[in-house]
Amino acid sequence: MPKSICVIGDGGWGTTLAILLSKKGFSVTVWGAFPEYIETIKTRRENIKFLPGVSIPDNVKFTASMGEALRGREIVVLAAPSQFARGVFTILKMEDLADKKFVSVTKGIENKTLKRISEVAYDVLGKQTLAVLSGPSIALEVANGAPTTVVAASGNLKFAKEVQDIFMTERFRVYTCSDVPGVELGGSLKNIIAIAAGATDALGFGANAKAALLTRGLVEIVRLGLAMGAKRETFYGLSGLGDLATTCISQYSRNRWLGEEIGKGKSLKSILDETDMVVEGVATARSAHDLARKYKVEMPITEEIYKILYENKDPKKAVRDLMVRSPKPETA
């Protein structure tokens, strides 16, 4: 078992995992891009922007120096938001990465290249030993010790099991699998459906509409996932159905919150201006829209969310257009 771990990214999820790992006895250092904010975290022992109200143990170190963060660390947790991942990896590449192994915990698909985050990492860092960790895991709940279950996926099952051992606690259970594309796509695409779920909540549509969104949204995710080489069964597991349900229901879901604000009639710009948090589903909606066209996959809910976010379509009109499409049998 490694004894020292570096977390790249000082957001809510990166900070939560740093706390979890430190409580297991690992030496943990968190890197953040902004020196002033890093000093604030170090002084207050609280990530006031991204994980307010959670005390950070004194043995979790914070730094804005990538070299300092990596020095002597055996495992590198990649927790930067997907929109900034390539830039962060480019900084990371300038350091000595010999004998280091990587765990990506970022959910998203890069715009333009349409690459999953592990693919972006390989593109920038070369062929490293890497796993992805994903599943229904609201950061605040994990930080507060709520029972949570996720999955570690890697083409190298030996490393997936190593990641399982590293992160597993009596309140944080980790399974393993080999379907990296499925795990990454499930964790990314569900954020789009969560935006739709938030909008239906704001519009007062109730449980029937929410159930329909989760069910038909999962169908869309599976369609695209299969076209991109993922395994069907992965999407009915923790990183698929599990993460989808959590993100569409939780009061702490940033994507569901954004959808709710959209449903209230606010513009995307005004909503994003209100928060320091990165809402991954916004960028992922653009990537998914482009992927659906690339692979010729029908994704009507995703298409409507794309139009709401990027073409200012009225959410009520989007709902109507979904409901009056041509009748068809229920198929996956």
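Each reported figure results from applying straightforward, stated rules to the coordinates on display, with no laboratory input. Small disclaimer: the values here were computed from a predicted structure and weren't measured. So basically every Cβ, Gly included, is an ideal-geometry build from the backbone, and we count neighbours across all protein chains shown.
Odds and ends about this structure:
- In this structure, the pairs whose alpha-carbon distance is over 22 Å, taken from K161/K190; K269/K316; K115/K231; K107/K316; K101/K190, are K161/K190; K107/K316; K101/K190.
- Computed from the C-beta positions of K61 and F205, the FRET efficiency with R₀ = 51 Å rounds to 0.65.
- Neighbour counts of other Cβ atoms within 10 Å put V278, V103 in the fewest-to-most order V278, V103.
- Extension gain, E68 back to T43 (0.36 nm per residue minus Cα-Cα distance, nm): 7.2 nm
- Calculated P(r) of region 259-300 - Cα pairs past 13 Å, %: 63
- 10 Å binning of all Cα-Cα separations within region 181-323, expressed as whole percents from 0 upward: 13, 48, 33, 6
- When the chain is treated as a GNM with alpha-carbon contacts under 10 Å, the residue of V28, V183, V297 showing the greatest mean-square fluctuation is V297.
- Pairwise label distance in nanometres, K93 with D321, each label 7 Å out on the Cα-Cβ vector: 3.9
- When the chain is described by a simple charge dipole with +1 on each Lys and Arg Cβ and -1 on each Asp and Glu Cβ, the residue from A131, P315, F34 located farthest towards its positive end is P315.
- Y122-L268 pseudo-label distance in nm [points 7 Å out on the Cα-to-Cβ vector]: 2.9
- Cβ charges +1 (Lys, Arg) and -1 (Asp, Glu), total dipole of the chain, debye: 520
- DSSP-loop trypsin sites (Lys or Arg not before Pro) across region 228-332, with at most 11 other Cβ within 10 angstrom: K296, R325
- Considering every alpha-carbon pair of the chain, the percent of pairs per 20 Å bin, from zero through the bin containing the longest distance, is 33, 57, 9, 0.
- When the charge dipole of region 1-125 is built from unit charges on Cβ atoms (+1 for Lys and Arg, -1 for Asp and Glu) and taken about the Cα centre, the candidate among A85, A121, S55 whose Cα reaches farthest toward its positive end is S55.
- Square roots of five times the Cα gyration tensor eigenvalues for region 243-332, Å: 23, 15, 14
- Rounded to the nearest 0.05, the FRET efficiency derived from the C-beta distance between A212 and S178 at R0 = 22 Å is 0.10.
- Bridging of K264 to aspartates and glutamates at a Cα separation below 18 Å is possible for D201, D273, E274, E304, E311, D314, once same-chain residues fewer than 8 apart are set aside.
- Computed across region 1-122, the Kirkwood hydrodynamic radius from all distinct Cα-Cα pairs reaches 14.5 Å.
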